[in-house]
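One structure is given here, and the rest of the page talks about it.
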Amino acid sequence: MAFWLVKSEPFKYSWDQFAADKIATWDGVRNYAARNNLRSMKKGEKVFFYHSNEGVEIVGIAQVVKEAYQDPTTTEPAWLVVDLKPVKRLRKPVTLAQIKASPLLANMALVKLGRLSVQPVTELEWQLVLDMAGEK
């Protein structure tokens, strides 16, 4: 099973809105690398929800509930979406500064590919972030 991270600017789509919606179609991705990551996501895989630009922190855990399909916001067949559902808000958000301060997370895509909106997360990175968030 793979792990992932998706980014959203909280003023556009926050964790609170996601939690209220109970399910979200992750649309509007227009970067090929991010699109390829969407294509690779499998039902049941876990996803960190990251607030970008404001807050700059991982705030929650989501889960893939529907695998990649055509993005309904465009007729261009190159673009895909997945459906996600919120699982839980983290006990303590994990900031980008905390992640960058950890030598064990120096190669995390969030650090190396900061602008990529849909990213893979290794199992070790997943566990380290959960530890930082006070999750078991």
* To do: Kindly indicate whether any position in the range 4-23 is of a type in the set (A, V, I, L, M) and in contact with a helix residue (DSSP H, G or I) (Cβ under 7 Å, 6 or more places away or on another chain).
  => yes
* Structure fact -> Requiring at least 1 residues that are without any contact (Cβ under 8 Å) to a residue 24 or more places away in the chain and farther than 21 Å from ALA2 by Cβ, the strands (runs of 3 or more DSSP E) wholly within the range 55-135 are 57-70
* **Selection count where residues are touching a residue at least 40 places away in the same chain (Cβ under 8 Å) and assigned to a loop (DSSP other than H, G, I, E, B), scope the range 1-37** => 13
* To do: Identify, from the list LEU105, LEU116, the residue that is under 13 Å from the mean Cα position of the chain (by Cα) and not aromatic (Phe, Trp, Tyr).
  => LEU116
* Looking at the range 8-55, which of the residues that are surrounded by 21 or more Cβ atoms within 10 Å (Cβ to Cβ), of a type outside the set (A, V, I, L, M, F, W, C) and closer than 14 Å to ALA109 by Cβ is farthest from the chain's Cα centre (by Cα)? -> ASN37
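Here, each number is a calculation from the coordinates, and none is a lab measurement. For clarity, every value in this text was computed on a predicted model and none was experimentally measured. No Cβ is skipped: glycine too gets one built from the backbone with ideal geometry, and neighbour counts run over all protein chains shown.
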